[in-house]
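Below is one structure, written out as structure tokens; comments come after it.
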Amino acid sequence: MKIIIGGCGNIGENLIANFVNEGHDAVVLDSSPQVITEITNVYDVMGVCGNAADYETLESAGIRQADLFIAAAGSDELNMLSCFLAKRMGVPYTIARIRNPEYNDASLGFVKNELGLAMSINPEALAARELFDILMLPSAAKIETFSGRALEIVQLNIKEDSPLNNITLKDLRMKYKAKVLVCTVQRDDEVYIPGGDFLLMAGDKIGITASPAEIENFLRHVGLMKKKARKVMILGGNRTAYYLAKMLIAGGTSVKIVEADPTLASELSETLPEAVIINGDYSHHELLLEEGIESADAVVTLTDNDETNILLSIYAETQKVPKVITQVNRDEMQRMARKLGLDTVISPKKVIANVLVQYARALANSIGSSNIETLYKLMDGKAEALEFNVRQASKVTDIPLKDLHLKSNILIAGIIRGRKTIVPGGMDMIQVGDKVIVMTSGYRLSDLSDIIE
């Protein structure tokens with residue numbers, strides 16, 4: 001499939017890496033010759049230097065042969081205009097990054113309809129939703145949801161003193177009568193789809209799947225359940241902070257935002273009257289102590305600098321804050337953050353990549369017995385969780401799971417049937433109308449039938 005991406009910032013470059021890995025024919029547009037040179041030196045893509053909202057630039061990129069156009073430049077208006085032109089020039093599917101809160105209110109539906117957008121994406125709003133989910137379940141390092149939250153995959157980090165340390169999965173199920181499924185384990189740089197004899201160890205990152213209620217019951221049972229964050233301090237007042245604060249306030253959570261820029265702090269005071277906005281330098285520990293960082297249930301570092309976020313998070317850890325979440329965009333800094341002991345690290349660009357890789361893969365395989373509804377890359381991108389909508393009978397339906405000859409490193413992690421969430425056993429069967437969650441490592445699945453030998 002031919003995909004053209006306009007704009008090669010953090011998000012654009014991350015999309016390029018993912019689409020090349022998916023085997024798509026990618027073309028990149030950017031107004032900076034240096035950026036185009038850097039991208040084409042690293043990735044096997046065609047690069048065109050120019051304005052993505054310029055007719056001749058789009059023609060040079062081969063816009064009339066494109067299947068999908070994604071506008072990911074820094075300007076919302078440029079993205080909307082370039083999508084409008086791309087649509088008029090024959091691209092069947094266009095996606096625009098639209099970040100401004102003014103465009104993401106009731107007018108968004110009108111804008112999408114008038115521009116003919118297949119989708120609009122808002123990195124900050126999506127990142128805020130991920131942060132909000134974690135703050136509601138602070139035991140988790142990461143949460144991915146399926147089918148309207150009927151089923152979740154929750155990532156946990158196992159520490160030395162954890163009851164999950166040094167126990168096999170079958171003993172875990174027997175000891176705690178667990179109605180959850182450990183569906184993936186990352187140990188150092190290796191990822192496993194584990195069986196019952198797999199021994200969990202300190203340092204492992206594990207993914208467990210079940211309905212939200214069952215996951216909470218399990219965490220409570222093993223003594224890992226932490227209370228929901230009711231006092232949250234956010235360091236940095238960017239758009240992600242704005243969207244997150246709105247969600248938290250709507251849920252009854254007390255929010256305090258510390259922002260160094262006086263203009264931005266004043267704007268936040270006007271748009272978030274229920275929050276406490278502090279205009280001050282969050283790098284001064286005395287200020288954070290004065291504002292009560294040690295009594296916060298959670299601290300979220302959302303400055304525009306990865307190194308600053310890491311240092312602020314480490315300081316929050318020294319103040320015994322129960323939950324610390326760090327926003328880090330650069331891959332090398334994410335690895336550093338984890339090595340420094342920061343358990344919960346989020347990246348807006350990876351949230352967007354999940355959404356758009358899912359969309360592109362489903363679009364490329366729109367004819368088949370099942371459609372990809374949701375796709376997440378887990379465990380530093382080494383595993384995938386996919387939700388398939390079973391539209392018609394196939395070679396995987398109406399057969400007990402124990403009789404399906406699954407490929408290695410593939411696990412059926414959940415079945416959603418109407419309002420019922422099933423953590424599957426060997427006698428369960430996939431039926432038409434089900435939504436099926438599959439965990440995989442080492443494969444790129446496009447259809448549910450791809451799971452069998």
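The values are calculated or read from the model by the stated rules, or taken from the named source; none is laboratory data. Nothing here was measured: the structure is a model prediction, and the numbers come from that model. Quick reminder, even Gly has a Cβ in these numbers, built from the backbone with ideal geometry, and neighbours come from all protein chains shown. Just the protein is used for accessible areas: all its heavy atoms, side chains included, with ligands, DNA and RNA removed. Shrake-Rupley method; radii C 1.70, N 1.55, O 1.52, S 1.80 Å.
Of everything in region 249-265 that is in a helix (DSSP H, G or I) and closer than 20 Å to GLU290 by Cα, the residue that is least open to solvent (accessible area, probe 1.4 Å) is ALA265.
The single condition among (1) surrounded by fewer than 19 Cβ atoms within 10 Å (Cβ to Cβ); (2) more than 17 Å from the chain's Cα centre (by Cα) that THR145 does not satisfy is (2).
None of LEU401, LEU411, LEU378, LEU445 is touching a Gly at 6+ places or on another chain (Cβ under 7 Å) and closer than 26 Å to ARG187 by Cα except LEU378. Look at (1) β-branched (Val, Ile, Thr); (2) outside any strand (DSSP E or B); (3) under 27 Å from SER107 (Cα atoms) and you find that ILE5 fails only one, number (2).
Of the residues making up region 292-346, those that are surrounded by fewer than 19 Cβ atoms within 10 Å (Cβ to Cβ), touching a Gly at 6+ places or on another chain (Cβ under 9 Å) and farther than 20 Å from ASN14 by Cβ number 3. Within the bounds of region 427-446, is there any residue that is in contact (Cβ under 8 Å) with a residue 60 or more places away in the chain, open to solvent by 40 Å² or more (accessible area, probe 1.4 Å) and of a type in the set (Val, Ile, Thr)? Checking region 427-446: not a single residue is in contact (Cβ under 8 Å) with a residue 60 or more places away in the chain, open to solvent by 40 Å² or more (accessible area, probe 1.4 Å) and of a type in the set (Val, Ile, Thr). Among the residues making up region 194-205, a single one is open to solvent by 30 Å² or more (accessible area, probe 1.4 Å) and either within 14 Å of ILE410 (Cβ to Cβ) or within 21 Å of the chain's Cα centre (by Cα) (or both): GLY195. Restricting attention to region 60-80, the residues being farther than 23 Å from LEU363 by Cβ and either in a helix (DSSP H, G or I) or β-branched (Val, Ile, Thr) (or both) number 4.
Any idea which of GLU387, GLU373 is within 27 Å of LYS205 (Cα to Cα), crowded, with 19+ Cβ neighbours inside 10 Å and touching a residue at least 40 places away in the same chain (Cβ under 8 Å)? None of the others qualify; the one that does is GLU387. Being within 28 Å of ALA364 (Cβ to Cβ), open to solvent by less than 40 Å² (accessible area, probe 1.4 Å) and among the β-branched types (Val, Ile, Thr) is a description that does not apply to VAL154. VAL351 meets each of the listed conditions (1) touching a strand residue (DSSP E or B) at 6+ places or on another chain (Cβ under 7 Å); (2) buried (at least 20 other Cβ atoms within 10 Å of the Cβ); (3) under 18 Å from GLU13 (Cα atoms) apart from (1). Among the residues of region 42-52, none qualifies, meaning not one is open to solvent by less than 50 Å² (accessible area, probe 1.4 Å) and of a type in the set (S, T, N, Q).
Taken together, the criteria exclude ALA337 from residues that are at pLDDT 90 or above and within 30 Å of LYS2 (Cβ to Cβ).
Here ARG173 does not fit the description of being out of contact with any helix residue (DSSP H, G or I) (no Cβ under 6 Å at 6 or more places or on another chain), among the charged types (D, E, K, R), touching a residue at least 60 places away in the same chain (Cβ under 8 Å) and open to solvent by 10 Å² or more (accessible area, probe 1.4 Å).
Applying the condition of being open to solvent by 30 Å² or more (accessible area, probe 1.4 Å) and not aromatic (Phe, Trp, Tyr) to region 124-134 and asking which residue is nearest to VAL324 (Cα to Cα) yields ARG129.
If you go through region 88-123 and keep only what is charged (D, E, K, R), under 17 Å from GLY7 (Cβ atoms) and open to solvent by 30 Å² or more (accessible area, probe 1.4 Å), you end up with just ARG99. Only one of the numbered conditions (1) in contact with a helix residue (DSSP H, G or I) (Cβ under 6 Å, 6 or more places away or on another chain); (2) in a strand (DSSP E or B) is not met by ILE206, and that is (1). Applying a threshold of 7 Å to beta carbon distances and a minimum spacing of six or more residues, or different chains, the list of pairs starting in region 211-225 at a residue that is open to solvent by 20 Å² or more (accessible area, probe 1.4 Å) and ending at one that is not in a loop (DSSP other than H, G, I, E, B) reads SER211/LEU151; SER211/THR421; PRO212/GLU152; HIS221/TYR176; MET225/GLU216; MET225/LEU219. Please verify whether ALA86 is in a loop (DSSP other than H, G, I, E, B), at pLDDT 90 or above, among the hydrophobic types (A, V, I, L, M, F, W, C) and in contact with a Gly (Cβ under 9 Å, 6 or more places away or on another chain), treating the condition exactly as stated. Here the answer is no, as ALA86 does not meet what is asked. Annotation note: of PRO400, PRO424, the sole residue that is more than 19 Å from VAL182 (Cα to Cα) and open to solvent by 20 Å² or more (accessible area, probe 1.4 Å) is PRO400.
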